[in-house]
1. For the range 300-344, give me the residue count where each residue is within 14 Å of the chain's Cα centre (by Cα), among the basic types (Lys, Arg) and surrounded by 24 or more Cβ atoms within 10 Å (Cβ to Cβ).
2. Give me the pairs: first residue in the range 401-414 and within 17 Å of Asn231 (Cα to Cα) and modelled with pLDDT of 85 or more, second residue in a loop (DSSP other than H, G, I, E, B) and β-branched (Val, Ile, Thr), beta-carbon distance under 7 Å, and six or more apart or on different chains, which are they?
3. Quick one: which helices (runs of 4 or more DSSP H) sit completely within the range 358-462 and have at least 3 residues that are out of contact with any Lys or Arg (no Cβ under 9 Å at 6 or more places or on another chain) and in the same structural domain as Asp290 (by TED's automatic domain parsing)?
4. For the range 638-659, name all the residues that are under 17 Å from Cys227 (Cα atoms) and surrounded by fewer than 19 Cβ atoms within 10 Å (Cβ to Cβ).
5. Filter the range 254-278 down to the residues that are touching a helix residue (DSSP H, G or I) at 6+ places or on another chain (Cβ under 9 Å) and within 14 Å of Phe336 (Cβ to Cβ) and list them by number.
6. Tell me the helices (runs of 4 or more DSSP H) entirely within the range 263-336 that contain at least 2 residues that are under 20 Å from Tyr573 (Cα atoms) and out of contact with any His (no Cβ under 8 Å at 6 or more places or on another chain).
7. Return the only residue of Ala97, Ala144 being at pLDDT below 95, of a type in the set (A, V, I, L, M, F, W, C) and surrounded by fewer than 20 Cβ atoms within 10 Å (Cβ to Cβ).
8. From the residues in the range 56-79 that are assigned to a helix (DSSP H, G or I), surrounded by fewer than 22 Cβ atoms within 10 Å (Cβ to Cβ) and modelled with pLDDT under 90, which one is nearest to the chain's Cα centre (by Cα)?
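The values are calculated or read from the model by the stated rules, or taken from the named source; none is laboratory data. Since we're looking at a predicted model, the values are computed, not measured. Positions of Cβ are generated from backbone atoms using ideal geometry, with glycine treated the same way; all protein chains shown enter the neighbour counts.
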Amino acid sequence: MMIKKTHSQLMLMGIILALLILILLRQLASSHQQYYYYYYYYYYYYYWQGPTAAQERLSSRETDIWLATGTLPTTIPRSVQPVDLVWTWANHSASPATPTPTPMTLFPSDQYLYRQHDELRYSLRSSFQSLPARFIRSRQIIIAPDHHQPGQSQETTGQPTWLARSQHQVQLIHHSRIFRFIHKHSPLQALQWFKHYVPSHNSLAIESQFGHLDNIQDNFIYLNDDCFFINQFRPGDFSTELFGPVFRTQFDLHVSANDSDRSGTEAARGEWPSLEYSNHLLSARFGFRDRRYLSHLPKVLNIQIIRELSEIWREEIFLTASSRIRGQRREINLTFLATWYQIEKHREAMLHSFIMLQTDANQDGTISADEWAKMKKRMGAREEVGQGEVLEVYKPFRPRRGVVEDGLGRAAAKETDYEWLSTDGYPLVGAPDRVPDYRHAEAVRTVICRLDVAACFPRSLRETPGGAERLLRRVALEQPACGDCLLALLVGQTPAGMEPLLPSRTLRTRLIQQFNLHTSFLSSTRPFSSPHKLAHQTLFFSAPFASPHIHRGRPSFLAHDPRIWALRNIQRYQYVLGNSPSRFDALTTFSWTRQVLNQLSAIFATSPTSATPSPSSTSSSLSKETPAPDHRAYLVTINDRILPPHLAPVHAIFSDWLRRSWPVPGPWEVPSPS
């Protein structure tokens, strides 16, 4: 009897133990699954952090001299780094058999968005005639295929009729090659998603997938088919390794942050909901503020930056890709998001360098009393900071002295004024309505901002474990005006470069410079912050290998140098705010179109056209060539807003003007019949 009882107790204990083991294993599996997802997320964020061309081509010594002092190293490469040209285009003459509705059938009032006047052909021709051949690496057109016809290859469906099928100078990229379903291991769901949303009629959806373009090298110029180049440009008008991509903004046109979901409404079919939602995403990550509108012109973007942000906002980008017709869902504006992400990351990299790498000199995560005293001295604050100490920061004076022209040589911008270099700090300090001018001295110096030392750098944050990171998060994200003013104060201490915000040179730095070692493969692509969408969740690292979830190679003596890492982080996001001669014109009525085209004709070095009053015949609607008073290069956008009664005559005169403006066919075109 006792044996049976003992046996029963043992069985019961075994069952209980087995249940406990199962519960423990389940908890471990759940924990492992969460850890795996966390590791997977960080790993792929790291994977997309490929180096930019500047990070690869410029040595650490050259980068240090250039960014720290603003002087040109004698060994700096002067060769031109080619860019890619990317157009988006859709052939909306869909086959009657196409089962899905098009925007033209759903929204007849928006037909002007989808009308064609053969602009794409002449946009490509204008690039052929205006851009140096050595500056162009490739021309790519993202297309939506037509209804597939029997006997026609999938690679040629949707191809413009004037594009030779045997040529290799223009690449055609179908939507199916760049659109991605968000879950890689759900093939059936992906198949259904592709069936419903690809090809797309929404330019915002197409742009959202730019991160999947696999034949882009570094910087690329993105154009709509209504964008044209007039006269000769140089590489420096768009992009250089020394200064970065050239962004063109309208500083007097503010974009606010708004996360309202207006999908399905009339307003959602415009661009402003996507701009304001994108600014909301940027504000949630980098601090709330109005940002500035991007000029409706060809835009310069960096593929590495786009891939980086595509991992951060992957859900928002996927939902945008799932909006087949503009306004169906809440959408991002990728060009706006990418441009301002690069500007904000550059600002963040400078603040990270000053607080976490220079001020926290031993990188222990805490701002000690000695480190705080040195930081106050660098800022010009009193040793004993009272509650009311406010530093008045004057507008910096940063004369160029020909550094742009000397640095770029023959590749220097021909028509673009570099109004702002990223080494000048942050352009939105004080919320200006024009690009701040640091190049010219003022007769009476003006205060650009005021830095409240006690409010921006509270003691309660500094002296606690992790205080350096908390302090950075406060001035960079939570109180962005503090970070803006701090950068203006620091860059204003020298006439060029950013030495005041960089960590000091160490033995490792000197070894790298002495032997001119190239460490971009070691440290330049290590992120300095975590890929979170929200400011309060963002983590900042104090070393290239600080993230416990990133292990690729072991840290080396040279790769861990704080100064080199800071310089490489700043270099990655460098940019220029430029101003070029440009025009944005909307064609509405015949008389207005004639006036616009005559004005544009006068810009050409050899003016091709001058529209006459009579619309009766295309052959007589344009006069002979006339002398051109203005030979400057122009970026031009010609928008179709033609009123229905004027459609036929405007189409005739506009088409003829395009033919006469760019009469020389590109080598990729079908030869004209003799």
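1. Here the count works out to 0.
2. What qualifies is Ala411/Val80.
3. Fully inside the range 358-462 and qualifying: 403-408.
4. Correct list: Asn639, Arg641, Ser655, Arg659.
5. Correct list: Val255, Ser256, Ala257, Asn258, Glu271, Pro273, Ser274, Leu275, Tyr277, Ser278.
6. 272-286, 303-312
7. On the way: Ala144 fails: surrounded by fewer than 20 Cβ atoms within 10 Å (Cβ to Cβ).
Only one candidate qualifies: Ala97.
8. Glu56
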